[in-house]
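We did not get these values from a lab; they are worked out from the coordinates using the rules stated. None of these values were measured; they are calculated from a predicted model. We place every Cβ from the backbone using ideal geometry, glycine too, and count neighbours over all the protein chains shown.
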């Protein structure tokens, strides 16, 4: 396992935090831009960063080790490969650095290439590949290093939608098969649910909350935690003097089950969108911007007034 | 603003042996919000370049309001473009950036002031009108880039090339909504190019799906999603895409395969196809119960079902299909709203 202690991600952090990443699990680190995700990755890798703290890898203090000495590999958002080496040579490069025998190198690199569906492309150069293929090569190279810690810093951000979907599925199967400590950073809450065994929420260089994604979703410890996991934001209102919040997916346009205690709000609809499987109704409730996420396609007129129902059990109070 | 017509447009790069785009027939109405949806390599960028005038069709005609512009250079077409990453002048303020395209065309000063004020109010840029781009957020920068495209009163078409790529996922909707609002207010013809089906369906009045250089289907978001013209679109649109099963799985369907969306099915004790749960993903709760995406392995391959996710891997379940589309030879035969 990887233990961080007394970690201050930037100079503005008054106190540090601790977090432990477990082996054989994917931890999604979720935060907005500038939350400190990349600084955390650089700190773990041993690259220059304002972050300060202690780092123990399987019980060993690696704080003073250079990036080369640490058993850590990092995949960036921008696909970084050796441009003058073929796909096979790229994947082999970490093995070469450990002076593995040629035959063993080839077997291992071919196995990894097969898992990432790169077998057909082994003899091409990176610039002859599509973006998604290049990122797969970068991931394959990181896997070939077979490090204890694999850091993926928003690795799928620049990829085509469908490719992203396919890679998400592949990654999950591929990464959970090993005993590696996998850390995956993102600003998209969907990634937490799709990929994460564990979730760590970062905000302004601070740790907000951690746990399994569903537990954090069900029991946010503060409004900001709830917001970070909401897609795209939470609806707020004042109820009985306390700050109340409701997730977009819990706002109902029609609620036929009258046995449930619920509150009704009136929304002035300002915009309506549908993505096929879901519909998004944007509008104003009292003085707040609200959004309702409904399943399926709905027909809603912009400018109309709409009654929205919120069940007591879905309201989160702070 | 203009109505855009493509008549049997094909394009082949010099020296290439195959067409990059072929037989494109499309009419985009004046003031329409249209999306071009396709994976990378589908021909989206080539099509953008044809519309903006960087390239001319190898054959066929391109018409703006009925006038043939196929060979007209870009600057005579009055096409404005917004790119993935905002292109701005860092040394000029927001207001000066907006005025720039008008100044270079020698527009009168009071006219410029009026247009800049109008765009600032439309896009809510008033508060930052004297700020320079380096101090703006990415969201504001992209909003300014949109403003620059819209500021010319004579613009006939606005092309948006993946304009939300650089914006944080959680505020994409906000920029998209602002775009739609100005699109409606100004009655601009907009073509939005993207690989992201959610963006295409949420933005556009009509969507054209582009694949391997051809337009496979043009229709409203509902038509594209619920009634895809072929299996490719069924798979490509939707996340995850349609599930496909042989027609024999569902009684009284004709064709060779049926396709159904993950939310058009439910997991029950006795349904159409039995399987074993291989993966469960919880995305939210409904009535305090886990809700999300369940993957099953069935005799016909993997099937995704969206809804109740109170399942564990290894459990047996049966898929009941409530709605589907039938396909023959890959093409749609019929929509069955109630199975």
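Remarks
- Chain B: antiparallel DSSP beta bridges as a percent of all, rounded to 5: 75
- The protein assembly as shown has equivalent-ellipsoid semi-axes of 38, 32, 31 Å, by the square roots of 5 times the alpha carbon gyration tensor eigenvalues, sorted largest first.
- Max mean-square fluctuation residue, GNM over chain B, Cα-Cα springs under 10 Å, options B:89, B:13, B:283: B:283
- With N counted as the residues of the stretch B:209-282, its alpha-carbon radius of gyration over 2.2 N^0.38 Å works out to 1.26.
- The stretch A:98-146 and the stretch B:279-339 have Cα centres separated by 34 Å.
- In this structure, residue A:20 and residue B:90 have a Cβ-Cβ separation that, at R0 = 51 Å, corresponds to a calculated FRET efficiency of about 0.70.
- Descending Cα extents along the principal axes, chain B, whole Å: 74, 49, 34
- Relative contact order (percent, whole number), the stretch A:233-317, Cα cutoff 8 Å, 6+ residue spacing: 39
- Label-reachable residues, the stretch A:119-151, where backbone N falls under 17 Å from a point 7 Å from residue A:96's Cα toward its Cβ: A:122-127, A:137-146
- Exposure proxy shown here: for A:15, B:122, the number of other Cβ atoms within 10 Å sets the order, fewest to most, as A:15, B:122.
- Gaussian network model of chain B, springs between alpha carbon atoms under 10 Å - residue of B:311, B:232, B:11 with greatest fluctuation: B:311
- Between the C-alpha center of the stretch A:154-199 and that of the stretch A:271-295 there is a gap of 27 Å.
- DSSP finds beta bridges in the stretch A:2-225, and of those with both partners inside it, around 45 percent are antiparallel.
- Candidates B:163, B:246, B:299: whichever shows maximal mean-square fluctuation once chain B is modelled as a Gaussian network with Cα springs under 10 Å: B:299
- Value of Rg to Rh for the stretch A:24-160 (Rh from inverse mean 1/r over Cα pairs, i.e. Kirkwood): 0.98
- Debye log10 I(q)/I(0) at q = 0.17 Å⁻¹ for the stretch A:233-317, Cα point scatterers: -0.65
- Angle between chain B longest axis and helix B:109-122 axis [Cα atoms, degrees, rounded to 10]: 20
- The alpha carbon centroids of the stretch B:121-182 and the stretch A:202-228 are separated by 31 Å.
- Stokes-Einstein translational diffusion, the stretch B:243-336 - Kirkwood Rh over all Cα pairs, 0.692 mPa s, 37 °C, in µm²/s: 244
- With contacts taken as Cα pairs under 8 Å and at least 6 residues apart, chain B reaches a relative contact order of 16 percent.
- At an R0 of 60 angstrom, the distance between the Cβ atoms of residue A:127 and residue B:270 translates into a FRET efficiency of 0.65.
- Contact order for the stretch A:2-225, expressed relative to its length and based on alpha carbon pairs under 8 Å spaced 6+ residues apart, stands at 31 percent.
- Helix-only CD estimate at 222 nm, as mean residue ellipticity for chain A, using -39500 (n - 2.57) per DSSP H run (n ≥ 4): -8000 deg cm²/dmol
- Based on the Stokes-Einstein relation at 37 °C and a viscosity of 0.692 mPa s, and on the Kirkwood radius from alpha carbon pairs, the stretch A:174-242 is assigned a translational diffusion coefficient of 246 µm²/s.
- Taken along the Cα-to-beta-carbon direction at a fixed 7 Å, the label points for residue B:104 and residue B:40 span 2.8 nm.
- Between 0 and 90°, nearest 10: helix B:172-186 axis offset from chain B longest Cα axis: 60
- Cα-based shape type of the stretch B:15-65, given that a ≥ b ≥ c are square roots of the gyration tensor eigenvalues and the cut on a/c is 1.5: oblate
- C-alpha long axis of helix A:102-115 to longest principal axis of chain A, angle in °: 20
- Extension gain (nm, one decimal) between residue A:261 and residue A:317, 0.36 nm per residue minus Cα-Cα: 18.6 nm
- Spin-label model distance (nm) - residue A:65 vs residue B:138, 7 Å beyond Cα toward Cβ: 3.2
- The calculated FRET efficiency for residue A:80 paired with residue B:25, based on their beta-carbon distance and R0 = 51 Å, is about 0.75.
- When Rg and Dmax are taken over the Cα atoms of chain A, they come to 22.9, 71 Å.
- Residue A:3 paired with residue A:111, simple spin-label distance in nm, labels 7 Å along Cα-to-beta-carbon: 3.2
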